[in-house]
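Below is one structure, written out as structure tokens, with a few remarks after it.
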């Protein structure tokens, strides 16, 4: 079956009433858990897993995939309107989305996020069908040394996320890395920094840290200053849509974000979260006015929101072609298949074409549904801000607490949430960038794990690492990012000596 | 005191003296699955909760308490009130290996009540289809000739799969380099050529075997595996290592014998339910019933041998 035939066949599967219903249920649930702080797609899928027994494997995967990418749509809403990330992959959206809302452009930010997600979803499905299986082969060439170099490079490059001083960024990264070492080390079972408390063995989870640093901290800050959430004068759809100029800036960012996100989806780790950081860093680097970032740059919303959707499509490649989940969320997509006895692998496309093409086509259908669902809802979501603020904020705190608890049934997660709220509140007073803690918490454990695997493989022989061209290239890029700016500054100091000679 | 009132008082007294003896279970039973939703432990737990419905008057509710390589959930069960309303799915590594690695609220198999063994997941050893080793014998010979050169991917240090490999290394007197991965990530690492050999459970390996990319060269169990009949057991090759990953039903210490009996009988019937047998077939695990005292003996044996092994490997806490 060619890709085109496959897609056509896929649409007949995706448009069958039962699958259409599964798709709609998935994207609706996804949007809701995305909007609600605390509970994200992983928690929702874990809760719903037993109910998928009643579905066919194809319907089950269609529904779960819908929850996964649907949450990426919903997540941006609460980030933009109240600076509370709906889920971890929307942390970056807080940086500029909330600033846009403060300037009265909440509607534009929401619209751009929804359209960006749709663009990325469409391109991602295309990528999955056309190059998907081939890319899985390419992903196999990445072994522990490559992944280790990739995380080193990622950490170095992305820690320059928001500008500001290198030392301040370094402190935040160090805090994030340190938090990532708490708990039982997953490869050898050694407990670290648990002080004998068994509960701490589970470690510091990403969700409560992200919710605390952004959501709870924002609410504390509002309570302290008696500040107000952004006010929106008009909720007429016309006034909420982006202007021509905003579109012009957002569309290229969406396209770049889509591509980046898809590629990051192929890498083991929380791909959706990482892709948003990467896209934000790229947009800031390419922007004509990088100083706007952090003050409501529309590219900073469009790029990351497209990227996290692209990543959901990319993450399906290793899942379906190798049968191995690379991201925590795709582990649950896999579970939805294996409870029906379908173990994906290299033969999935030929043995279960209805599943592969059906899910791919349904993702496009689901993305279209989400767009239709989300654009009219913008008005509704924006009017939420008209609720009495004390009720809205208390409600958000309650939802964050309940949602966070529901993921692991863990009281520790609640304490982390509250503590991180206080920490985040303090950090913004001191002018630190809390997003870097989230970034380091994601990358740190990946870096440590792959470094250890590399060391095991190397047995003390550095050539094992340096003889791999990809690894070497990535490490050199990381070194250049650290070394070049000071070197250039030094060069500039020397330059005036020669300058008069050239321009007498 | 009129007769009916006296009877009532008597009944109340009796109820406060031995509440469980009268009516167990008197509310839903919590079954703690110490690993995340969607994993093998979770699938077994949910399958059992469903299959046991017919055999208990109250429902069994699965609660996932992941983290700490299963120790958090196990600790929760061990510390629960011993009335049978909180039980858990124990895993052999969580019970027999983890206490050697870290300080936990339980140590030996005497600190909890193993009710019965439920299922076993076999351990298979495999290479890429284009690997130079045709058989496990080839592999060991090659490893003997090139000490430390063969890289073996295992899912984490201190797991049963890792320790099976270490036992093999000791018995065969060969040196191979162990590379630990998380979950089934040793499979893509093998396919990409980053390790030469890997160990896993049958389910995630099977699609790659059918696609002709992976060849299974040995199994750690007593008899040959029906899906990989060409692969010898390591016992046949002269290395008597048959420990697979098994799950057992566990209750807190002090749970009354009568309650343990009720649970044992109900879950034993659940293991024979057609839906559960079907589930076991789908997920390639083996239903492996053994009574509680036998499980305790097996756990003690594993606790001793694997404890010695992790100390030799330097994994145990100092």
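The values are calculated or read from the model by the stated rules, or taken from the named source; none is laboratory data. Just so you know, these numbers come straight off a predicted model, no measurement behind them. For neighbour counting, all protein chains shown are included, and Cβ atoms are generated from backbone atoms with ideal geometry for every residue, glycine included.
A few notes on this one:
- Which numbered condition residue B:260 misses (of (1) under 20 Å from residue B:90 (Cα atoms); (2) touching a helix residue (DSSP H, G or I) at 6+ places or on another chain (Cβ under 6 Å); (3) surrounded by fewer than 22 Cβ atoms within 10 Å (Cβ to Cβ)): (2)
- All of B:45, B:6 fail the test of being surrounded by 12 or more Cβ atoms within 10 Å (Cβ to Cβ) and either at pLDDT 90 or above or outside any loop (DSSP other than H, G, I, E, B) (or both), apart from B:45.
- At least 3 residues being within 30 Å of residue B:180 (Cα to Cα) is the threshold, and among the helices (runs of 4 or more DSSP H) wholly inside the stretch A:61-158 those reaching it are A:132-140, A:144-158.
- Candidates are the residues of the stretch A:170-198 that are within 20 Å of the chain's Cα centre (by Cα) and crowded, with 20+ Cβ neighbours inside 10 Å; the one that is farthest from residue B:160 (Cα to Cα) is A:172.
For (1) farther than 21 Å from residue B:180 by Cα; (2) within 14 Å of chain A (Cβ to nearest Cβ); (3) in contact with a strand residue (DSSP E or B) (Cβ under 7 Å, 6 or more places away or on another chain), each residue gets a yes or a no:
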residue	(1), (2), (3)
B:253	yes, no, yes
B:257	yes, no, no
B:265	yes, no, no
B:286	yes, no, yes
B:296	yes, no, yes
B:315	no, yes, no
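- For the stretch A:308-339, filtered to residues that are within 15 Å of the chain's Cα centre (by Cα) and not in a helix (DSSP H, G or I), the residue that is nearest to the other protein chains (Cβ to nearest Cβ) is A:326.
- Boolean, residue A:72 is within 14 Å of another protein chain (Cβ to nearest Cβ) and buried (at least 24 other Cβ atoms within 10 Å of the Cβ): no
- Tally of residues being within 13 Å of chain A (Cβ to nearest Cβ) and over 11 Å from residue B:250 (Cβ atoms) across the stretch B:82-99: 5
- Single unsatisfied condition, residue B:151 versus (1) touching a strand residue (DSSP E or B) at 6+ places or on another chain (Cβ under 8 Å); (2) surrounded by fewer than 23 Cβ atoms within 10 Å (Cβ to Cβ); (3) within 14 Å of chain A (Cβ to nearest Cβ); (4) closer than 30 Å to residue B:254 by Cβ: (4)
- Check on residue B:235, touching a strand residue (DSSP E or B) at 6+ places or on another chain (Cβ under 8 Å), farther than 22 Å from residue B:42 by Cβ and surrounded by 15 or more Cβ atoms within 10 Å (Cβ to Cβ): no
- The number of residues in the stretch A:10-57 that are farther than 27 Å from residue B:46 by Cα, in contact (Cβ under 8 Å) with a residue 12 or more places away in the chain and not in a helix (DSSP H, G or I) comes to 3.
- Selection of the stretch A:194-207 for residues being touching a helix residue (DSSP H, G or I) at 6+ places or on another chain (Cβ under 7 Å) and free of Cβ contacts under 8 Å to residues at least 60 places away in the same chain yields A:194, A:198, A:201.
- Annotation: of all residues in the stretch B:66-81 being outside any helix (DSSP H, G or I) and within 12 Å of another protein chain (Cβ to nearest Cβ), the one that is farthest from the chain's Cα centre (by Cα) is B:79.
- Of the criteria (1) crowded, with 22+ Cβ neighbours inside 10 Å; (2) modelled with pLDDT of 95 or more; (3) in contact with a strand residue (DSSP E or B) (Cβ under 7 Å, 6 or more places away or on another chain), which one residue B:65 fails: (2)
- Residue match in the stretch A:141-154 (condition: farther than 19 Å from residue A:276 by Cβ, surrounded by fewer than 18 Cβ atoms within 10 Å (Cβ to Cβ) and either within 14 Å of chain B (Cβ to nearest Cβ) or at pLDDT 90 or above (or both)): yes
- Residues that are out of contact with any helix residue (DSSP H, G or I) (no Cβ under 8 Å at 6 or more places or on another chain) and either without any contact (Cβ under 8 Å) to a residue 40 or more places away in the chain or within 13 Å of chain B (Cβ to nearest Cβ) (or both) within the stretch A:390-421 comprise A:390, A:391, A:394, A:395, A:398, A:409, A:415, listed in sequence order.
- Any chance residue A:201 is outside any loop (DSSP other than H, G, I, E, B), at pLDDT below 90, buried (at least 19 other Cβ atoms within 10 Å of the Cβ) and in contact with a strand residue (DSSP E or B) (Cβ under 9 Å, 6 or more places away or on another chain): yes
- Residue count for the stretch B:184-216, restricted to those that are in contact with a strand residue (DSSP E or B) (Cβ under 8 Å, 6 or more places away or on another chain), at the interface with chain A (Cβ under 10 Å from one of its Cβ atoms) and in a loop (DSSP other than H, G, I, E, B): 4
- Condition broken by residue A:229, with the remaining ones in (1) surrounded by fewer than 23 Cβ atoms within 10 Å (Cβ to Cβ); (2) farther than 28 Å from residue A:440 by Cβ; (3) modelled with pLDDT of 90 or more satisfied: (3)
- Those residues of the stretch A:452-469 which are modelled with pLDDT of 85 or more and more than 12 Å from chain B (Cβ to nearest Cβ), in sequence order: A:469
- Elements of type strands (runs of 3 or more DSSP E) in the stretch B:82-159, at least 2 residues being under 16 Å from the mean Cα position of the chain (by Cα): B:86-91, B:112-121, B:123-128
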